[in-house]
Number of protein chains: 2
Amino acid sequence: MARVFNFSAGPATIAEDVLKKAQEELLDWNGTGMSVMEMSHRGKDYVSIAEKAEADLRELMNIPAGYKVLFLQGGATGQFAAIPMNILRGKKAADYVCTGSWSKKAIAEGKKYCDVNVVSQPEKFNTIPEVSEWNLSADAAYLHICSNETIEGVEFKELPECGEVPLVADMSSNILSRPIDVSKFGIIYAGTQKNIGPAGMAIAIVREDLIGDALPTTPSVLDYQKQADNDSMLNTPPTYTWYMAGLAFQNLKKIGGLEAIAEINDRKAAKLYDCIDASDFYANPVDPKYRSVMNVPFTLADDSLDAAFLDGAKKEGLVTLKGHRSIGGMRASIYNAMPEEGIDALIAFMKEFERTNG
Amino acid sequence: MARVFNFSAGPATIAEDVLKKAQEELLDWNGTGMSVMEMSHRGKDYVSIAEKAEADLRELMNIPAGYKVLFLQGGATGQFAAIPMNILRGKKAADYVCTGSWSKKAIAEGKKYCDVNVVSQPEKFNTIPEVSEWNLSADAAYLHICSNETIEGVEFKELPECGEVPLVADMSSNILSRPIDVSKFGIIYAGTQKNIGPAGMAIAIVREDLIGDALPTTPSVLDYQKQADNDSMLNTPPTYTWYMAGLAFQNLKKIGGLEAIAEINDRKAAKLYDCIDASDFYANPVDPKYRSVMNVPFTLADDSLDAAFLDGAKKEGLVTLKGHRSIGGMRASIYNAMPEEGIDALIAFMKEFERTNG
């Protein structure tokens, strides 16, 4: 059938140009007579693919010297453990801000390795408390935030200042959605399956002074020093996912980089929130100051219509709109790769559904 | 260009039928209008793909009830840590047989978590000492072997008897190459990038009584209990690699399963070893009793011809034949997906090269 508009929160839609390129060279990359999947990761062809992906990411995010970019297995959940295992540096505790479901998971995993201070948590996961109200510790090994809560649709709009304590951010669902100042962070990490490409990899951008003091029980595959020393090839990396990420980076450069995509993302999100806000039939529960540009949860005033909404949307080629099971309702994940036409089609359907069911 | 015969040790060649199927459905799986890469791992389409892959693997390997099949990130190197972290069960030590480079890596990682008894190690990595000579411990948490050493080309031909101590085998490079009796093992594990499909996943077949006693510092992504409780979807799994593995399993069933592929593999290996043994120009250093059916290292009597051999082979579409840097010479990895015509072409080239250079 025709390509659908897929609003999945992750794994998520991938730009059609990227998929077509992957399809075209699936059996023969660049005249080598083999698929990227079949290439030795130590061979010059694959190394060129890996290096270009890193160089393009560095260019897109303007990653300064003094930061390693690691391509690792285990997803962001692997990093929930890797971070304390690697960067406690003899300290006993770390600060975490709890703004939603993914913060909670990072905190639960962090507690295996250190004392976790939850420095801030709103009563409901629909806002982010002011930084001035956070209960920061001076001796924390790091301060962890989830920059965008995929499930609740809550996003940080500015960076907390945390002095000497390294700021660590799980950016799985909003990395590359807009320019950020990498130099403000100790670590930025992200699973690839939301705003980059296929599942099966995490990218960790790590300030070099934080590398080199892993706990002795850290599995080597999660040891930043060992991976950095081996250009993320301590063992065989997820070569095809890395390649697909590289295609996404090239595509993003073609669009004009992070400034250009941020403008598109802001326009897409504004349209959808405007549609929701203009109606009493739909509602979004998030404090407008912290609404996510990537994940837009919304509810129908009458939830007995949810099934009909999802069915009707599917008939229009608008799929994976069901909200997370912990929240209910709907959720439209509108990452970089979701074309603006997808938003327009969703809005048209929402208006029509309201007209016939409101 | 035309597809080459790719003798890479891993990532390795993938059956052309599998790649063509993947290419065909890259933008639209089964009329869903989306790529497998874009599917939510929790949706019914992807769950059907994942479940079919597991069912096919269980059928192919005749995996008994009482074993979990886990699809994990981190490769076999991740499992080098996961195994002691999960199955020490309060014991302090484990037995390891050291038969080559991959055994050594497993041992080095194991030492982080327990006392490692190296129960057997040959003087040179070109044979496997008789089991009767192994120095087994009665109180070991497990006995670890590498069933096929990819680099040295040494393969176990029969299973050691180790009484009550669970036998754990790294089968990364010979899983699915022939029928085995899974019930003799505590754990069988394998990185997928050699005899299964793309890199980025490990499959662990774990006897259920070994699950549930992980060290408290085990990262959740490597915790067998947590992954088993969540059908390997504690976090987003490497969905596309899992799908590609499933295509390889389907292809293997079409060939006739493990008995059929074993016959083909034996024939392929015998041809190549015969060619090497029939000549004074080529040599394989491994004790004929333990020669690998999957990885065939060989040397030229005059190693100043190595570069010319590799160049000439490449011109014939025979690539990635260079031996591992630690060994030198040549290595032909001839996994399930290497067609018999690839072996025939290699042998024809070897004979011609000898004729013109011998």
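Quick notes on this structure:
- Residue that is nearest to A:Arg89 (Cα to Cα), among those in segment A:140-156 that are assigned to a strand (DSSP E or B) and of a type in the set (Val, Ile, Thr): A:Ile145
- Residue check for A:Gly33: surrounded by fewer than 20 Cβ atoms within 10 Å (Cβ to Cβ), in contact (Cβ under 8 Å) with a residue 12 or more places away in the chain and among the small types (Gly, Ala, Ser): no
- The residue list B:Glu130, B:Glu149 contains one member that is at pLDDT 95 or above and among the acidic types (Asp, Glu), which is B:Glu149.
- Filtering A:Asn230, A:Asn235 for residues that are surrounded by fewer than 21 Cβ atoms within 10 Å (Cβ to Cβ) and at pLDDT 95 or above leaves a single hit, A:Asn230.
- Candidate set from segment B:92-129 (those that are assigned to a helix (DSSP H, G or I) and basic (Lys, Arg)); member that is farthest from B:Asp287 (Cα to Cα): B:Lys105
- Any chance B:Asp280 is away from chain A (no Cβ under 14 Å), part of a loop (DSSP other than H, G, I, E, B) and either surrounded by fewer than 21 Cβ atoms within 10 Å (Cβ to Cβ) or touching a Lys or Arg at 6+ places or on another chain (Cβ under 7 Å) (or both): yes
- Selection within segment B:60-111: residues that are at the interface with chain A (Cβ under 10 Å from one of its Cβ atoms) and of a type in the set (A, V, I, L, M, F, W, C). The member of this set that is nearest to B:Gln250 (Cα to Cα) is B:Leu72.
- Scan segment B:192-220 for residues that are more than 8 Å from every other protein chain (Cβ to nearest Cβ) and within 12 Å of the chain's Cα centre (by Cα) and the total you get is 7.
- Where A:Val293 falls short, out of the listed (1) in a helix (DSSP H, G or I); (2) crowded, with 20+ Cβ neighbours inside 10 Å; (3) among the aliphatic types (A, V, I, L, M): (1)
- Subset of segment B:65-81 [within 17 Å of the chain's Cα centre (by Cα) and at negative phi]: B:Val69, B:Leu70, B:Phe71, B:Leu72, B:Gln73, B:Ala76, B:Thr77, B:Gly78, B:Gln79, B:Phe80
- Close pairs (7 angstrom Cβ cut-off, 6 or more residues apart or separate chains): farther than 10 Å from B:Leu72 by Cα in segment B:214-229, among the β-branched types (Val, Ile, Thr) anywhere: B:Thr217/A:Thr217; B:Ser220/A:Thr77; B:Gln225/B:Ile211; B:Ala228/B:Ile211
- Looking across segment A:38-48, the residues that are surrounded by 21 or more Cβ atoms within 10 Å (Cβ to Cβ) and not in a loop (DSSP other than H, G, I, E, B) come down to A:Glu38, A:Tyr46.
Quick grid of which residues meet (1) more than 16 Å from B:Asp287 (Cβ to Cβ); (2) in contact with a Leu (Cβ under 7 Å, 6 or more places away or on another chain); (3) of a type in the set (D, E, K, R):
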| site | (1), (2), (3) |
| --- | --- |
| B:Asp139 | yes, no, yes |
| B:Glu161 | yes, no, yes |
| B:Pro166 | yes, yes, no |
| B:Ser172 | yes, no, no |
| B:Leu176 | yes, yes, no |
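- Failed item in (1) under 27 Å from A:Pro129 (Cα atoms); (2) under 19 Å from the mean Cα position of the chain (by Cα); (3) of a type in the set (D, E, K, R), with A:Lys271 passing the rest: (2)
- When each of B:Ser132, B:Ser177, B:Ser183, B:Ser137 is tested for being buried (at least 23 other Cβ atoms within 10 Å of the Cβ) and outside any strand (DSSP E or B), the lone residue that passes is B:Ser177.
Residues are listed down the side, and each one gets a yes or a no for (1) polar (S, T, N, Q); (2) more than 14 Å from chain B (Cβ to nearest Cβ):
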{"site": "A:Asn230", "(1), (2)": "yes, no"}
{"site": "A:Met233", "(1), (2)": "no, no"}
{"site": "A:Trp242", "(1), (2)": "no, no"}
{"site": "A:Phe249", "(1), (2)": "no, yes"}
{"site": "A:Lys254", "(1), (2)": "no, yes"}
{"site": "A:Lys271", "(1), (2)": "no, yes"}
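- Residue list for segment A:318-336, filter: in contact (Cβ under 8 Å) with a residue 60 or more places away in the chain and farther than 11 Å from A:Phe7 by Cβ: A:His324, A:Ser326, A:Ile327, A:Asn336
- The set of residues in segment B:51-99 that are small (Gly, Ala, Ser) and surrounded by fewer than 22 Cβ atoms within 10 Å (Cβ to Cβ) comprises B:Ala55, B:Ala65, B:Gly66, B:Gly90, B:Ala93.
- Some residue of segment B:173-184 being in contact with a Gly (Cβ under 6 Å, 6 or more places away or on another chain), within 14 Å of chain A (Cβ to nearest Cβ) and closer than 30 Å to A:Met39 by Cα: no
- Total residues in segment A:4-37, condition polar (S, T, N, Q), within 9 Å of chain B (Cβ to nearest Cβ) and part of a loop (DSSP other than H, G, I, E, B): 4
- For A:Tyr189: the one exception among (1) within 30 Å of A:Asn284 (Cα to Cα); (2) of a type outside the set (Asp, Glu); (3) more than 14 Å from chain B (Cβ to nearest Cβ): (3)
- The single condition from (1) more than 29 Å from B:Glu24 (Cβ to Cβ); (2) under 25 Å from the mean Cα position of the chain (by Cα) that B:Phe281 fails is (2).
- Residues in segment B:299-333 that are charged (D, E, K, R) and assigned to a loop (DSSP other than H, G, I, E, B) were compared, and the one that is surrounded by the most Cβ atoms within 10 Å (Cβ to Cβ) is B:Glu316.
- Among the residues of segment B:38-56, those identified as more than 9 Å from chain A (Cβ to nearest Cβ) and closer than 21 Å to A:Pro198 by Cβ are B:Lys44, B:Asp45, B:Val47, B:Ser48, B:Ile49, B:Ala50, B:Glu51, B:Lys52, B:Ala53, B:Glu54.
- Test: residue in segment A:248-256 that is part of a loop (DSSP other than H, G, I, E, B) and in contact (Cβ under 8 Å) with a residue 60 or more places away in the chain: no
- Assessment of segment A:298-318 against the conditions (of a type outside the set (Gly, Ala, Ser) and in contact with a Ser or Thr (Cβ under 8 Å, 6 or more places away or on another chain)) yields no matching residue.
- The lone criterion from (1) hydrophobic (A, V, I, L, M, F, W, C); (2) part of a helix (DSSP H, G or I); (3) over 24 Å from A:Gly328 (Cβ atoms) left unmet by A:Leu159 is number (2).
- Listed by first and then second residue, the pairs linking a residue in segment B:158-178 that is outside the structural domain of B:Glu130 (by TED's automatic domain parsing) to a residue that is in a strand (DSSP E or B) and surrounded by fewer than 20 Cβ atoms within 10 Å (Cβ to Cβ), with Cβ atoms under 8 Å apart and 6 or more places separating them unless they lie on different chains, form an empty list.
The values are calculated or read from the model by the stated rules, or taken from the named source; none is laboratory data. These numbers were taken from a predicted model, which means no experiment stands behind them. Note that each Cβ is placed from the backbone with ideal geometry, even for glycine, and that neighbours are counted across all protein chains shown.
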